[in-house]
1. Out of the DSSP beta bridges found with both residues in the chain, what percent are antiparallel (nearest 5)?
2. Do the sum for the chain: with -39,500 (n - 2.57) for every DSSP H run of n ≥ 4, divided by all residues, what is the mean residue ellipticity at 222 nm, to the nearest 500 deg cm²/dmol?
3. Quick check: from the Cα gyration tensor, does the stretch 63-209 come out rounded (a/c under 1.5), prolate or oblate?
4. Please sort through the DSSP H helices of the chain and keep those with an alpha-carbon extent of at least 24 Å along the long axis and a Kyte-Doolittle average not below 1.0.
5. I need the shape label for the stretch 40-135. Rule: rounded when a/c is under 1.5, else prolate if a/b > b/c, else oblate, with a, b, c from the alpha carbon gyration tensor.
6. For the stretch 233-243, what does the Karplus curve 6.51 cos²θ - 1.76 cosθ + 1.60, with θ = phi - 60°, yield as ³J(HN,Hα) per residue in whole Hz, taken in order and with x for Gly and Pro?
7. My understanding is that a pair violates if its Cα-Cα distance is over 23 Å; which of 47/207; 65/222; 129/191; 63/87; 142/174; 174/207 do that in this structure?
8. With +1 assigned to the C-beta of every Lys and Arg and -1 to the C-beta of every Asp and Glu, and no other charges, what is the dipole magnitude of the stretch 191-259 about the Cα centre in debye, to the nearest 20?
Amino acid sequence: MFKKRHYTLRYQASNEVELILPNQPIIVNKPLIDQTSFSVLVWNIFKQKKADCIDILKQHADKTKLILLQEAQTTSPLLNFISQHNKIADHVPAYCFNDIYAGVMTISDVLPASLFSFREREPLIRVPKSALITIYPINNSKKQLLVANIHAVNFSIGVKAYRQQIRMLLIRIKEHNGPVILAGDFNAWSKQRLNLLYHLVRSIELKPVNFPVDIRKTFMGKPLDFVFYRGLQLNAAEIISTTASDHNPLLVNFRLDLH
């Protein structure tokens, strides 16, 4: 279904699902950010295989403006969470199995002003990975916040597909005149991938969030999850230790820097 379209699925209260197609007009009724500081939760949720993962989301639902999930599946518990907390979730399915869609999902309190979805096939196993850019209005500012949520390709020989997927996002980010957050599971498990990732984000002046106590999920000694930013001040960053996924959530608090 919709295989050749860059579509996004939107879930809101009462679990209604809406198909969002490219260049579809979106009517925004309020800004995402109306104060100087806000928090973002970034988490590979491990396809909700562990029941207590929803409890983690509930604990942070009212404390965060944005929740960026990777490996999010449209299961009843997650959709119920979105509905019960009056959230808006934009989901880019990488694949569908038994009528359950899986991919990156960005959850917020308000509609984005615009969005762009991306899919990249894993070169070896041919199962796609997805990414999503959402752009939100900021109160009392002409600038908007760009939020990029990515689950990077994993199984590949060399870095061609990896570079291609990240560069698609960076082209959009480079054009954006306003604050930026780029975050997710980058699968940067090799020195080659990690060096390429840092080279690409530096090329558009993004800075990495460093964690005082770094308990991020690692593979082959390299961290997989990152948060990069531009046009914002970093207030605080922590990693939540949990067994509710094979990744630990990243919790970051930013301050607007629009001057």
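1. 85 percent
2. Values: 4 runs with 46 residues, N = 259.
Mean residue ellipticity at 222 nm (helix-derived): -5500 deg cm²/dmol.
3. Values: a/c = 2.17, a/b = 1.12, b/c = 1.94.
It is oblate, given that a/c is not under 1.5 and a/b is not larger than b/c.
4. Numbers: long enough: none.
Sorted by number, there is nothing, because no helix extends far enough and scores high enough.
5. oblate
6. 9, 8, 8, 7, 8, 8, 10, 8, 7, 8, 9
7. Pairs exceeding the cut-off: 47/207; 65/222.
8. 260 debye
The values are calculated or read from the model by the stated rules, or taken from the named source; none is laboratory data. Everything numeric here is computed off the predicted structure, so don't read it as measured data. Here the Cβ is made from the backbone with ideal geometry for all residues, glycine too, and neighbour counts use every protein chain on show. Note: accessible area is taken over every heavy atom of the protein model, side chains too, but ligands, DNA and RNA are not part of it. Shrake-Rupley method; radii C 1.70, N 1.55, O 1.52, S 1.80 Å.
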